[in-house]
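Everything on this sheet refers to the single structure shown next.
Here, each number is a calculation from the coordinates, and none is a lab measurement. This one's a predicted model, so the numbers in the text were calculated from it and none came from an experiment. Counting neighbours? That spans all protein chains shown, and the Cβs are built from the backbone with ideal geometry, glycine included.
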Amino acid sequence: MYLKRFSLNGKVAVVTGAAQGIGLATADALSEAGATVIIADMNPDTAAKSSQALQAKGRKVEWEKLDVTDARAVEQVHAAIIARHGKVDILVNNAGIALSNRPAETMDDATWLKVIDVNLNGLFWCCRTFGKSMLEMGGGNIVNVGSMSGFIVNRPQEQAHYNASKAGVHHLTRSLAAEWATRGIRVNAVAPTYIETELTSFVYEDPKMFQHWVGGTPMNRMGRTDEIASVILFLASEASSLMTGSIVLADGGYTSW
């Protein structure tokens, strides 16, 4: 009974920013659970290669080029997916950028707007477009990728724009969950800690950064992409059927101290 609740057989899932990192791990997890997964990413070459790699595992995976900051493009990609599959059951809003080490007093308008545009506006465009068709269908499941930065102020790097965007993601998640709960749609979010990728490997060569990032984590390590994908799989499945408006911290205990 219980393991069956994690099955996504017959489901159609869209994962934004899924050509690499957490998004790719999520596409891997959802397709392993039986879903047909569409990788929606602004880098078509990487998206195509990632899709092919998962297809080689026998998975049902496709890809679409998508810039989430373009509301019209979101609508067009949504329409294309609906034309092929007739529905979207699951939306995972993973696309995001950081652009850290930008002190607030010297941050230019373009940098602030770019981070907010991708992390918050783009996420809303996707929720609005895919959520509308889920409402018409009578049900659906949205999982947003927030951050522990929506709860705390990171150090030593300055990133007020990123922190504000992720706090916005968390409260948008709660707001949409409250609006749509009685109409069959659940909306939850995962809030990860620092995750091991090629982009974060530099921390092991930076003692000051290492002390705050890893030394400041009770588990004394960063997270892995598969660990976040596992939480997303849980939230995307019926195993979490009583949950909506939840922000699930997956931070190795970082926010405990």
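Simple point charges give the picture: +1 on the Cβ of Lys and Arg, -1 on the Cβ of Asp and Glu, and for segment 5-77 a dipole about the Cα centre of about 340 debye.
Rounded to the nearest 20 debye, the dipole magnitude of segment 157-199 is 360 debye, with +1 charges on Lys and Arg beta carbons, -1 on Asp and Glu beta carbons, and the Cα centre as origin. Modelled spin labels at ASN9 and ALA83, positioned 7 Å past Cα toward Cβ, are 3.1 nm from each other. Estimated at 0.36 nm per residue, the fully extended path between SER241 and GLU32 surpasses their Cα-Cα distance by 73.3 nm. Only helices enter this figure: runs of n ≥ 4 DSSP H residues, each worth -39500 (n - 2.57), summed and divided by the residues of the chain, yield -12500 deg cm²/dmol at 222 nm to the nearest 500.
Comparing mean-square fluctuations of LYS208, LYS60, LYS114 from a GNM of the chain with C-alpha springs under 10 Å, the top value falls on LYS208. Distance between the modelled labels on LYS60 and LEU135, one decimal in nanometres: 2.8 nm (7 Å Cα→Cβ projection). About its Cα centre, the dipole of the chain is roughly 800 debye, where the only charges are +1 on Lys and Arg Cβ and -1 on Asp and Glu Cβ.
Ranked by the mean number of other Cβ atoms within 10 Å of their residues, highest first, the peptides 64-71, 91-98 come out as 91-98, 64-71. Considering only Cα atoms, the convex hull volume of segment 128-226 works out to 121 Å³ per residue. The order of the peptides 198-206, 41-49, 13-21 by mean Cβ neighbours within 10 Å, most packed first, is 13-21, 41-49, 198-206. Sorted from longest to shortest, the spans of the Cα atoms of segment 3-246 along the three principal axes equal 50, 37, 36 Å. THR46 to ASP226: FRET efficiency via 1/(1 + (r/R0)^6), r the Cβ-Cβ distance, R0 25 Å, to the nearest 0.05? Once rounded, the FRET efficiency stands at 0.85. Quick check on my link table: of LYS114/LYS208; LYS4/LYS87; LYS60/LYS114; LYS11/LYS49; LYS49/LYS208, which ones sit more than 26 Å apart, alpha carbon to alpha carbon? Distance filter (> 26 Å) returns LYS114/LYS208; LYS60/LYS114; LYS49/LYS208. Ranking ALA164, LEU249, GLY215 by how far each Cα lies toward the positive end of the dipole of the chain (charges on Cβ) leaves LEU249 at the top.
With R₀ fixed at 45 Å, the C-beta to C-beta distance from ASP70 to MET1 puts the FRET efficiency at about 0.55. Relative to the current alpha-carbon distance between GLU179 and ALA104, full extension at 0.36 nm per residue lengthens the span by 23.6 nm. Size check on segment 2-47: the Cα extents along the three principal axes, sorted descending, read 37, 18, 11 Å. Can you give me the Rg/Rh ratio for segment 57-106, using Cα atoms for both radii and the Kirkwood formula for Rh? Looking at segment 57-106, the ratio lands at 1.15.
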